[in-house]
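Below is one structure, written out as structure tokens, with a few remarks after it.
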Amino acid sequence: MPEKKLYALAIILLIIGLIVGYCVGHYAFPKVEIKEKVVTKTVPVYKKRTITITVWASGSPVDVTRCDNVERAAAILNKIFEAAGANTTIVVKKQFFRGDYKEKLTAAFAAKKAPDIIAMKDLPWLVDGGYVIPLDEYIEKYSILLADVHPTLWRAVTYKGKRWALPQDTEARPLYFRKDVLKKLGWSDEEIEALPEKIRKGEVTLEDLIKIAKEAKAKGLVEWGFYHRPNFGGTPFIILYYQYGGILQDPATGKLVLVKSAMLKMLKMLHKMAQEEKVLPPTMIGTSWRKIHSDFVNGKVLFWFGGTWHWAEWQRVAYHAKLGALPEEYEWKNIGFALVPAPESGLKPLTLSSPYLYYVTSQSKHPELAFILITLATSAPLDAKHAVDSGHLPVRTTTVRYPYYMKSKFHREVAYMLDYTSFEPLHPGFSAYKEAWITAIAKVEKGELTPEKALDEMIKTLKTSLGDQLIIKE
């Protein structure tokens, strides 16, 4: 038997063994009666059983696989149950939200109607609020099915010494650029194709791109040189802060950290882009997502600090005035991507990953079954399905060799970015930190405060809200 088929068969038998073991724990063993040397075996009759598993998730329109993959995992288990004669059916009820659903989750817990599985971030909030259970026991029990999880991603689920989730997806945050606009500026195809590598090597910096953006805007080729997200996120805020030497969490104490010199440089860069060079709209914070995507897709903006998932989103959401949803050929012809450049010479390019996570809630009546479902939902075939369809990167090392994943040129070409990635801190106070940070950013970009005064105000706010959980460094 070929090695690949033997490997596949071994995995199938392994899963069947695990599921049968799960079923045995819920059903009586056959009874054996001995009478006058005649052995009669009572054939077990399994009572028909339906188990409902509820899953909640959120994200952009292309992220529905966060729910759908759990349903696909249940379909696999149902076939195994049927083959084993277990007479059990798993029914998955799905709820997908386009935005934050903390309030709905809190209300569901209060009503004792919480879902079994949730896909979201906010790990410290979920753990400290008692909404989710630690998964270490199940991770050890089913470790053979999780051996190919990217080792670095376990950091994203570990808090207070325990693992509380399984990584559901990850991503990189690239800088997208319009190839067609660069061509109009006189760039050759060779120069355009070389730009990502020059950024990777540090030969082209953000300072260089600001000059290019200013030229494109002056010549009327674009309305704006840069767009960034309308709310707080890794790109470019955390990335710039890290590039300037900032850290966000003290490894020894777990407390949050603010490095004043790095934060000030980050704010100064945004002030320069919005108020001095005028390549970034001063009202960027609060701009609608649709306007941001539409303007970039329609070539009104040269550079966009985005995410890998946007490549897939542009193919599925009608942002383009004439084409609607973009054919991927259009993207390859007109849009390029690179690491976020070093702000200036001597610094390094960077990206950031903020994995979505699968949790089992503390109100689930079937926690082990829920864990098995999320394990299968992140296995290579379904991991590949989500990664390719949503523009994210896989959480399993074996996924990159799965045919569905390998056919995606985009995913092959962005994979290197994970070698340059960074992460957000895991701390319950980081929400307050982000709120103060985005307030400072908005005021600086609008010109309401100088970077120095915005930083002073930010520090004052954080000292009040975080107290001794904040370390200030010069």
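Computed from the mean reciprocal separation of all distinct C-alpha pairs, what Kirkwood hydrodynamic radius does region 426-474 have, in Å?
11.1
Can you list the DSSP H helices in the chain whose Cα atoms extend at least 30 Å along the helix axis and whose mean Kyte-Doolittle hydropathy is 1.0 or higher?
Working: long enough: 3-24 (31 Å, 1.88).
In the chain, the long hydrophobic H runs are 3-24.
As an exercise, take the mean of 1/r over every pair of distinct alpha carbons in region 150-293, invert it, and state the Kirkwood radius in angstroms.
On the way: mean 1/r = 0.0561 Å⁻¹.
That comes to 17.8 Å for region 150-293.
Need one number: convex hull volume per residue for region 41-189, Cα atoms only, in Å³.
In region 41-189, the Cα hull volume divided by residue count equals 208 Å³.
What number, in percent, do you get for the relative contact order of region 227-278 if the mean sequence gap of Cα pairs under 8 Å and at least 6 apart is divided by its residue count?
The value is 27 percent.
Do me a favour and compute the ellipsoid semi-axes for region 256-404 from its Cα gyration tensor, root of five times each eigenvalue, largest one first, whole Å.
Result for region 256-404: semi-axes of 34, 24, 16 Å.
Just name one of V149, L347, V55: the one whose Cα is farthest towards the positive end of the charge dipole of the chain (beta-carbon charges, Lys/Arg +1, Asp/Glu -1).
Checked the options; the winner is V55.
Treat each spin label as a single point 7 Å out from the Cα along the C-beta direction, and report the K104 to T89 distance in nm.
Inter-label distance under the simple model: 2.6 nm.
So for the chain: antiparallel DSSP bridges make up what percent, rounded to the nearest 5?
Of those bridges, close to 55 percent are antiparallel.
Note down the magnitude of the dipole of region 341-440 about its Cα centre, charges +1 on Lys and Arg C-beta and -1 on Asp and Glu C-beta and zero elsewhere, to the nearest 20 debye.
340
Using a Förster radius of 51 Å, what is the FRET efficiency between E223 and K47 based on their Cβ-Cβ separation? Nearest 0.05, please.
Step by step, r from the Cβ atoms, then E = 0.20.
Computed FRET efficiency, Cβ-Cβ of L185 and E344, R0 25 Å: what is it to the nearest 0.05?
0.70
Using r as the Cβ-Cβ distance of E137 and I471, and R0 as 41 Å, what FRET efficiency do you calculate, to the nearest 0.05?
0.75
Under a 5 Å amide H to amide H cut-off, with H placed in plane at 1.01 Å, what residues pair with I51 once short-range neighbours are removed?
Those qualifying (amide H under 5 Å, at least 5 residues apart or on another chain) are T89, I90, V91.
Tell me, what ³J(HN,Hα) does each residue in region 167-178 have, in order and in whole Hz, if you take phi through Karplus 6.51 cos²θ - 1.76 cosθ + 1.60 with θ = phi - 60° and put x for Gly and Pro?
x, 9, 7, 9, 6, 10, 10, x, 9, 8, 9, 8
Return the whole-Å distance between the Cα centroid of region 152-185 and the Cα centroid of region 272-350.
Each part reduced to its Cα centre gives a spacing of 16 Å.
What nm value, rounded to one decimal, do you get for the distance between K446 and D148 when each label is placed 7 Å out toward the C-beta?
So the two model labels end up 5.0 nm from each other.
Hey, can you find the accessible area per residue of the chain for me, probe 1.4 Å, expressed in square angstrom?
On the way: 21690 Å² over 474 residues.
Here the per-residue accessible area is 46 Å².
Can you work out D for the chain in µm² s⁻¹ from Stokes-Einstein, where Rh is the Kirkwood radius over C-alpha pairs, the temperature is 37 °C and the viscosity is 0.692 mPa s?
Rounded to a whole number, D works out at 134 µm²/s.
Suppose every K and R has +1 on its Cβ and every D and E has -1 on its Cβ; what is the size of the dipole of the chain about the Cα centre, in Debye to the nearest 20?
1140
Can you return the lysines within cross-link range of K48? Criterion is Cα-Cα under 28 Å, with same-chain partners fewer than 8 residues away left out.
Cross-link targets: K31, K79, K93, K94, K112, K113, K141, K365.
The values are calculated or read from the model by the stated rules, or taken from the named source; none is laboratory data. Every value quoted in this text rests on a predicted model; they were computed, and no experiment measured them. Neighbour counts run over all protein chains shown; Cβ positions are idealised from the backbone, glycine included. Surface accessibility is based on the protein's heavy atoms, side chains included, excluding ligands, DNA and RNA. Shrake-Rupley method; radii C 1.70, N 1.55, O 1.52, S 1.80 Å.
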